[in-house]
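What follows is a short report on a single structure.
The values are calculated or read from the model by the stated rules, or taken from the named source; none is laboratory data. Treat the numbers as computed from the prediction; the structure is a model and nothing was measured. Counting neighbours? That spans all protein chains shown, and the Cβs are built from the backbone with ideal geometry, glycine included.
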Amino acid sequence: MNKPVEPLYNQVYVDTGDGQPVVLLHGLFGNVAMWRQTIQALQDSYRVIVPRLPLFEVPVHLANLDYLLEILHDFLDWHQLTDVTFVGTDIGGQIALCYAHLHPERVKRIVLSGSSGLFENLPVAEKDYDKDFNSVHQQVKEAFYRKDFATPNLVDKVYKTVNTFSKGLHITSLARSSRKADISRFLHKLDTPVLLIWGLQDKITPPEVALHFHDLLRFGTVQFIDACGHLPMIENPALYVKHLRSFLEA
């Protein structure tokens, strides 16, 4: 019997390497490119997978955490993945935590950077935010310690995303769902080891957020990276990967 056609949402951007599965989950404005150096560093020892999270493809009434969790569960089932390590940023980190709460038997470890769920300063995702080019440019620069990472190409992509009507609705819906999901009520129950790799100059989810996560988690560890903003896997990939590999190999 032929294997059924793979559902769209179970497809991957990347599936490379052999070994224990490490699943990388991006956030609202992320994509596979942000994980490029992480993938290169891990694929010699691990099976590295970047799912195709359909943040903008689902109907807007399904653009919420609960539905993304269903999609992730189906994805793991389809690819027969167990003992998964989730590496997540932004809403991807929040999804990883929620999934570990719902299905602890499937999750071995979690690594978070700039995760949503407790506090996030991301006005560009708000419905009434002034989305003119200069405002978006400033918001993108806020994501980085080194402002040269806020390239004209990146700013242009974010500007077009938030000003596309359908995508704007999805972003607002996902951001609202993220805020409503009270993850603080279950973090203390998680038995999953969690590593927090955080930029010390993160202005979107400040270092205090990492410390709050640490206080709520039973098995949490924090590694701060100096001279680094919201996306340490981009700004300091060498140190980010060093902390990540040490955690995976412990």
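Out of GLY92, GLY114, one residue alone is part of a helix (DSSP H, G or I), under 21 Å from PHE247 (Cα atoms) and under 19 Å from the mean Cα position of the chain (by Cα). It is GLY92. Against the condition more than 21 Å from LEU42 (Cα to Cα) and at pLDDT 95 or above, how does LEU217 come out, does it pass? It is true that LEU217 is more than 21 Å from LEU42 (Cα to Cα) and at pLDDT 95 or above. If the condition is being of a type in the set (A, V, I, L, M) and buried (at least 21 other Cβ atoms within 10 Å of the Cβ), then the stretch 27-38 contributes only LEU28.
Matching residues to (1) modelled with pLDDT under 95; (2) in a helix (DSSP H, G or I); (3) of a type in the set (Ser, Thr, Tyr); (4) buried (at least 17 other Cβ atoms within 10 Å of the Cβ):
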| residue | (1), (2), (3), (4) |
| --- | --- |
| GLN139 | yes, yes, no, yes |
| ASP156 | yes, yes, no, no |
| TYR159 | yes, yes, yes, yes |
| LEU174 | yes, yes, no, yes |
| ARG179 | yes, yes, no, no |
| LEU195 | no, no, no, yes |
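How many of the residues making up the stretch 208-227 are among the basic types (Lys, Arg) and without any contact (Cβ under 8 Å) to a residue 24 or more places away in the chain?
Initially, the stretch 208-227 is screened for residues among the basic types (Lys, Arg), giving 218.
Going one step further and asking which of them are without any contact (Cβ under 8 Å) to a residue 24 or more places away in the chain, we end up with none.
Matching residues across the stretch 208-227 total 0.
Residue-by-condition table, conditions (1) surrounded by 15 or more Cβ atoms within 10 Å (Cβ to Cβ); (2) of a type in the set (Lys, Arg); (3) in contact with a Leu (Cβ under 6 Å, 6 or more places away or on another chain):
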site	(1), (2), (3)
VAL12	yes, no, no
ALA41	yes, no, no
VAL50	yes, no, yes
PRO59	no, no, no
LEU68	yes, no, no
PHE75	yes, no, no
LEU81	yes, no, no
THR85	yes, no, no
PRO104	no, no, no
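Scanning the stretch 19-71 for residues that are β-branched (Val, Ile, Thr), part of a helix (DSSP H, G or I) and at pLDDT below 95 gives VAL32, VAL60, ILE71. Quick test for you: out of VAL12, VAL87, VAL60, pick the one residue that is under 15 Å from the mean Cα position of the chain (by Cα) and in contact (Cβ under 8 Å) with a residue 12 or more places away in the chain. Going through VAL12, VAL87, VAL60 in turn, just one is under 15 Å from the mean Cα position of the chain (by Cα) and in contact (Cβ under 8 Å) with a residue 12 or more places away in the chain: VAL87.
Considered as a group, the residues in the stretch 200-250 that are acidic (Asp, Glu) and in contact with a strand residue (DSSP E or B) (Cβ under 9 Å, 6 or more places away or on another chain) include one that is surrounded by the fewest Cβ atoms within 10 Å (Cβ to Cβ), and that residue is ASP226.
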